[in-house]
Amino acid sequence: MANPTHRHTRTRRDKRRANWKGQTPTLVACPDCKEMKQPHRVCTHCGTYNGKKVLEVVSKES
């Protein structure tokens, strides 16, 4: 296996890593409870998906 004979410059390294930025998740409002949730996921606040109740949500007691 060949090894590099010359060192890559900082510019070349940084150009390669230019698109490594993180992204914030896309959020939409739940049509039932209006809480923000990720699309195509069950709402963690009310437990509905596609207009149907699919999870029984238990609230935390303090």
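Tell me what the chain gives for mean residue ellipticity at 222 nm when only DSSP H runs of n ≥ 4 count, each as -39,500 (n - 2.57), the sum divided by the residue total, rounded to 500 deg cm²/dmol.
Details: 1 runs with 7 residues, N = 62.
Computed ellipticity for the chain at 222 nm equals -3000 deg cm²/dmol.
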Simple spin-label estimate for Ala2/Lys15, 7 Å along Cα→Cβ, in nm, reads 1.9
Rounded to one decimal in nm, the spacing of the 7 Å Cα→Cβ label points at Val57 and His45 is 0.7
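No lab work stands behind these numbers, since they all come straight from the coordinates. Predicted, not measured: the structure shown is a model, and the values here were computed from it. Heads up, the Cβs are rebuilt from the backbone with ideal geometry, glycines too, and the neighbour counts pull from every protein chain shown.
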